[in-house]
Amino acid sequence: MIFNKITASLLAGSIILGIPTYIFARETQSVFQKKTNEPYTSYLKESDIVNSLALLPPPPKENSAAFLADQEAYKQASTLAHTPRWGVAQSDADLSDSNIGKPFSKALGVSISKENTPATYHLMRNIMVDSGFLGTEKAKKYYKRVRPYVYYHTQTCSPQDDNILKHNGSYPSGHTAIGWSTALIFAEMFPQKQDEILQRGYDFGQSRVVCGVHWQSDVDAGRIIGAAIVARLHANQKFMQDFQKSKNELIEKMK
């Protein structure tokens, strides 16, 4: 993910309803295929976020057993290119406003969108920043791990983003952190649907391996960050208020 390609590194400071507002640069917007000037917001401040560099172990070193496992996972996933699973991975890669929450619509039984579920859309959009950017930024910047498609000189399932992503660290996976945070939150809302929701969240992360954008160890680390962010969000009053609004909204749509 490219959350940290932002204007003047990160422009934060305006406050909307007590939520930090972030304005991302054109490079970031191109990765998300953005068609809006709507600023990103989050529930947490940088000082609230778990230190990913301190929490996570270093990524596997080349020629280690763990890196060999990463390479094997990449090779296995590459056999899925241009299959239906590849198409799912392409959709999961899209973090544009128009696709926020949609990967979880089937598992929830509700069509998620800005128009149909505005409270849920707002909740998911904020979590993108908390998990995908703030949660992964320190480790990404420190390790600057080379992504698999760069290592192997191939293309990803979203080649339009390849030139930008190659300048952004691979470890940990921001997409995976977003997907796992989302899955944990929805599973908490609807425990009766937890199997479908958590499977969808797991597959969302695995899509990054299928795409060739991340190593398996990047994805595994992304899930750790996603879980840590959700734990911290439960101590945030605004998040808990929005959580309930979203849950009520989705229950109403399920009737």
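The values are calculated or read from the model by the stated rules, or taken from the named source; none is laboratory data. Because the structure is a prediction, the values reported are computed rather than measured. Note: ideal-geometry Cβ built from the backbone for every residue, glycine included; neighbour counts use all protein chains shown. Remember, those area values only see protein heavy atoms, side chains included, never the ligands or the DNA or RNA. Shrake-Rupley method; radii C 1.70, N 1.55, O 1.52, S 1.80 Å.
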Note down all Cβ pairs under 7 Å where the first residue falls in the range 62-78 and is of a type in the set (Asp, Glu), the second is assigned to a helix (DSSP H, G or I), and they're at least six residues apart or on different chains. Asp70/Gln216; Asp70/Ser217
Taking the stated definitions as given, is Ser42 surrounded by 13 or more Cβ atoms within 10 Å (Cβ to Cβ), farther than 17 Å from Arg223 by Cβ and either in contact with a strand residue (DSSP E or B) (Cβ under 6 Å, 6 or more places away or on another chain) or not β-branched (Val, Ile, Thr) (or both)? yes
Determine which member of the set Ala107, Ala119, Ala139 is among the aliphatic types (A, V, I, L, M) and over 30 Å from Asn248 (Cα atoms). Ala139
Mind checking which residues of the range 105-137 are open to solvent by less than 60 Å² (accessible area, probe 1.4 Å) and without any contact (Cβ under 8 Å) to a residue 12 or more places away in the chain? Ser105
For the range 150-169, which residues satisfy the criterion of being outside any loop (DSSP other than H, G, I, E, B), open to solvent by 10 Å² or more (accessible area, probe 1.4 Å) and either at pLDDT 95 or above or not charged (D, E, K, R) (or both)? Val150, Tyr151, Pro159, Gln160, Asn163, Ile164
Can you tell me which residues in the range 179-224 are under 17 Å from Leu56 (Cβ atoms), assigned to a helix (DSSP H, G or I) and aromatic (Phe, Trp, Tyr)? Trp180
Filter result (under 13 Å from Val88 (Cβ atoms) and open to solvent by 10 Å² or more (accessible area, probe 1.4 Å)) within the range 176-203: Gln199, Arg200, Tyr202, Asp203
Going through the range 84-104 one residue at a time, which ones are β-branched (Val, Ile, Thr) and either open to solvent by 50 Å² or more (accessible area, probe 1.4 Å) or closer than 15 Å to Ile251 by Cα (or both)? Val88
Any residue that is farther than 30 Å from Trp86 by Cα and modelled with pLDDT under 95 - is there at least one of those in the range 239-255? yes
Could you list, in sequence order, all residues of the range 138-149 that are surrounded by fewer than 22 Cβ atoms within 10 Å (Cβ to Cβ) and either part of a helix (DSSP H, G or I) or at pLDDT below 95 (or both)? Lys138, Lys141, Tyr142, Tyr143
Restricting to helices (runs of 4 or more DSSP H) lying wholly in the range 52-117: which have 2 or more residues that are of a type in the set (Asp, Glu)? 65-78
